[in-house]
Amino acid sequence: MKYQARASSRRPSSLGYAILGLLAARPWTGYEIGRLFAETPIAIYSSSPGSIYPAIKGLRAAGLVERAPHPDNPDSSKRVFAITPRGRAALRDWLAAPVAREDVRRNMQDLMLRFAFMSGNLPEAAIIRFLKDLKRETEAHIEALEAHAEQMRAAAPLSGVLALQAGIDGYRKTARWAQRALDAFVAGARAPQKTPPEKTS
């Protein structure tokens, strides 16, 4: 019992959260999850059974994922993995976490993964807040990097200065993208809801 309590309190890995994000849309078999990691842009994670199934096992032990009948053939012996209410809550908590400066510095890939799963799992107001925070923290990090680059120019080798500049340019792209994404979500939030045409007799 003690072991189960420890396992249930452990936070999923980035791979685990990615699996929860996929299962939030619909149930999948382990094989199908592996194919998604192999054949889609989410292929930043390993698609090998040696990675996927241990991650799913951990999610099941934590009560975040469960086995369920196949939705297309409930009488089949083939089972799928489905997200539990507890798993959905854990996913939403992860998606709604504040954007920290350290995440911008070291975990930008995880921030983009979080953003990819936000629609349908978070209200638009939370997504807009995430994008505003991401833009603000990224721009603050750019300022810090530019100040460091200025100090480097006198003593650092040219290659080092240019390598740092490449990093700064990448963060600038992210900040510009965040603004475009923010504009798109704000425009969507302000757009009037379409109503179906009235039926005529």
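Where a number appears in this text, it was derived from the coordinates with a stated rule and is not lab data. Nothing here was measured: the structure is a model prediction, and the numbers come from that model. All Cβ positions, glycine included, derive from the backbone under ideal geometry; neighbour counts span all protein chains shown.
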How would you rank His141, His148, going from fewest to most other Cβ atoms within 10 Å of each one's own Cβ? His148, His141
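Mean 1/r over all different Cα pairs, inverted: what Kirkwood radius does segment 101-190 give, in Å? Can you show the working numbers first?
Working: mean 1/r = 0.0700 Å⁻¹.
Averaging 1/r across every pair of different Cα atoms and inverting gives 14.3 Å.
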How do Leu20, Leu15 line up, fewest other C-beta atoms within 10 Å first? Leu15, Leu20
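Quick check: residue separation of Ile168 and Ala96 times 0.36 nm, minus the Cα distance between them. What number comes out in nm?
Details: separation 72, 0.36 × 72 = 25.92 nm, distance 2.65 nm.
23.3 nm is the gain from fully extending Ile168 to Ala96.
Quick one: work out Rg over Rh on the C-alpha atoms of segment 70-150, Rh as Kirkwood radius. Working shown, then result.
Values: Rg = 18.2 Å, Rh = 15.1 Å.
On the Cα set of segment 70-150, Rg over Rh gives 1.20.
Order by neighbour count: Glu150, Glu32, Glu66, fewest other Cβ atoms within 10 Å first, most last.
Working: Glu150 10, Glu32 13, Glu66 17.
Ordered from fewest to most neighbouring Cβ atoms within 10 Å, Glu150, Glu32, Glu66 come out as Glu150, Glu32, Glu66.
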Under the Karplus relation with 6.51, -1.76 and 1.60 and θ = phi - 60°, whole-Hz ³J(HN,Hα) for segment 20-25, x at Gly and Pro, equal 4, x, 5, 6, 5, 7
